[in-house]
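The structure appears below as structure tokens.
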Amino acid sequence: MTSISASNPPRRLFSSAAVSICSNRLVAIGLSLLTVLALTGCAGPDPTQYQSQKPALDLRQYFNGELTGWGMVQNRSGQVDRRFVVTIKASWKGDEGILDEQFDWSDGEKQRRVWRIRVAGPNRYIGTADDVEGEAIGEVYGNALRWRYTLNVPFRGRQIGLDFDDWMLLIDDKVMLNRAVFSKWGIRMGEVTLSFKK
């Protein structure tokens, strides 16, 4: 056994060239893994596959008047972190709608979000809200609505942007189911599940 001391210093195990090559390979592997994670985080079903599903969702018809939703937020391990009840008052003027959401959280927090939605073409909607970065992009096919947006949420005293892949499926003229997966840098962080009833 060789001891390491001032009189017996360790010898260099690798040349600087070998260390540089290994470092470059590790960086390349790390970047490749991040790219794969980012791509899989963005992947999801194509909404056009629901084109023939019934009943057909008309956003202006379903989100009109008062609705109630019951939901939960789960972290990435599946644990339920919070539960909520949301009341929505929705109205439309032509191709522009307002969804005024009032949340009552299981920990006592009250929250309000007001969505401003407009028709942007066949099967396409654009939405904005104060805590949404830029615009939410919505696509409707058959009984399905897919929203994609970045929501700013409080985290340890600051705001962070979480990317939402938000799917709503109309079950009948009264009930809609909603599942949203949220991620950061392409890494899945958790999901929100809720049901709406008119």
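The values are calculated or read from the model by the stated rules, or taken from the named source; none is laboratory data. Keep in mind the model is a prediction, meaning the values are calculated, not measured. All Cβ positions, even for glycine, are placed from backbone atoms using ideal geometry, and neighbour counts span all protein chains on display. Please note that ligands, DNA and RNA were not included when accessible areas were found on the heavy atoms of the full protein model with its side chains. Shrake-Rupley method; radii C 1.70, N 1.55, O 1.52, S 1.80 Å.
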Item checked: Any chance Thr150 is of a type in the set (Ser, Thr, Tyr), in a strand (DSSP E or B) and over 15 Å from Gly69 (Cα atoms) -> yes
Notebook entry, point to check: So which of Ile160, Ile137 ends up being under 15 Å from the mean Cα position of the chain (by Cα) and farther than 25 Å from Pro47 by Cβ?
Noted result: Ile160
Next item on the list: Output the number of the condition that Arg116 fails; it satisfies all remaining conditions of (1) open to solvent by 30 Å² or more (accessible area, probe 1.4 Å); (2) closer than 19 Å to Gly65 by Cα; (3) part of a strand (DSSP E or B); (4) in contact with a Pro (Cβ under 9 Å, 6 or more places away or on another chain).
Entry: (4)
Next item on the list: Have a look at Ser195, Ser106, Ser91 and point out the one that is modelled with pLDDT of 95 or more, closer than 13 Å to Gly69 by Cβ, polar (S, T, N, Q) and more than 13 Å from the chain's Cα centre (by Cα).
Entry: Ser195
Check: Can Arg148 be described as open to solvent by less than 40 Å² (accessible area, probe 1.4 Å), closer than 27 Å to Arg76 by Cα, of a type outside the set (A, V, I, L, M, F, W, C) and free of Cβ contacts under 8 Å to residues at least 24 places away in the same chain?
Finding: no
Margin query: When the residues of region 173-192 are narrowed to those that are more than 9 Å from the chain's Cα centre (by Cα) and surrounded by fewer than 17 Cβ atoms within 10 Å (Cβ to Cβ), which ends up farthest from Asp81 (Cα to Cα)?
Written below: Asp173
Next item on the list: Within region 119-131, count every residue that is surrounded by 14 or more Cβ atoms within 10 Å (Cβ to Cβ), of a type in the set (Gly, Ala, Ser) and either over 24 Å from Trp70 (Cβ atoms) or out of contact with any Lys or Arg (no Cβ under 6 Å at 6 or more places or on another chain) (or both).
Entry: 2
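Could you tell me which of the residues Gly71, Gly108, Gly134, Gly78 is surrounded by fewer than 13 Cβ atoms within 10 Å (Cβ to Cβ) and part of a strand (DSSP E or B)?
Gly134
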